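One structure is given below, encoded as structure tokens.
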Amino acid sequence: MLNVGKIEEGFVLDHIKAGTSLSIYRHLQLDKLDCTVAIIKNARSNKMGKKDILKVECDVDRMDLDVLAFIDHNITVNIIKNGEIVEKKELILPKEIKNVIHCKNPRCITSIEQGLPHIFVLSDEKKEIYRCKYCEEKFDRRSL
Ligand SMILES: [Zn+2]
């Protein structure tokens, strides 16, 4: 594999579905932080064929892991300290997600009243279906 160097302190997101690392970079708002980020695309993976990896040199506590879990809870989060993996975090689908996705229903109150938070609630854990809290519009994952 391509070697982009080990990070000393921070975290590595592994097993990202190939091609989705940039979307995750955006949703975690990594562009707004001044930390070092390495994006590795199409790394070889025994499990997945191809995968993306994100290496981030900043404290994982500054990240909204609910957002990450919402996007893909199969991503592995490795916490790095002194160049070693010290912890692997499990991602659990959040029960509720706020202001990450927007309701597309033009008749939804969030489309009419500006400034309302966009809240989606997990309505089916097995099928990973989220619905708008106000109008129950189903969120289509493909639009992420
Ligand atoms: Zn709605």
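Under the condition of being touching a helix residue (DSSP H, G or I) at 6+ places or on another chain (Cβ under 7 Å) and among the acidic types (Asp, Glu), the residues counted in the stretch 44-65 number 1. Taking the stretch 66-120 as the region of interest, the strands (runs of 3 or more DSSP E) fully inside it that hold 1 or more residues being more than 13 Å from the ligand (Cβ to nearest atom) and more than 19 Å from the chain's Cα centre (by Cα) are 76-81, 84-89.
Checked against the criterion of being β-branched (Val, Ile, Thr) and within 27 Å of GLU8 (Cα to Cα), the stretch 103-126 has no qualifying residue. On the basis of being in contact with a helix residue (DSSP H, G or I) (Cβ under 7 Å, 6 or more places away or on another chain) and surrounded by fewer than 12 Cβ atoms within 10 Å (Cβ to Cβ), does ILE92 make the cut? The answer is yes for ILE92.
Since every read-out is calculated from the coordinates, none of them should be taken as a lab result. Predicted, not measured: the structure shown is a model, and the values here were computed from it. Reconstructed Cβ throughout: ideal geometry from the backbone, glycine too, with neighbour counts over all protein chains shown.
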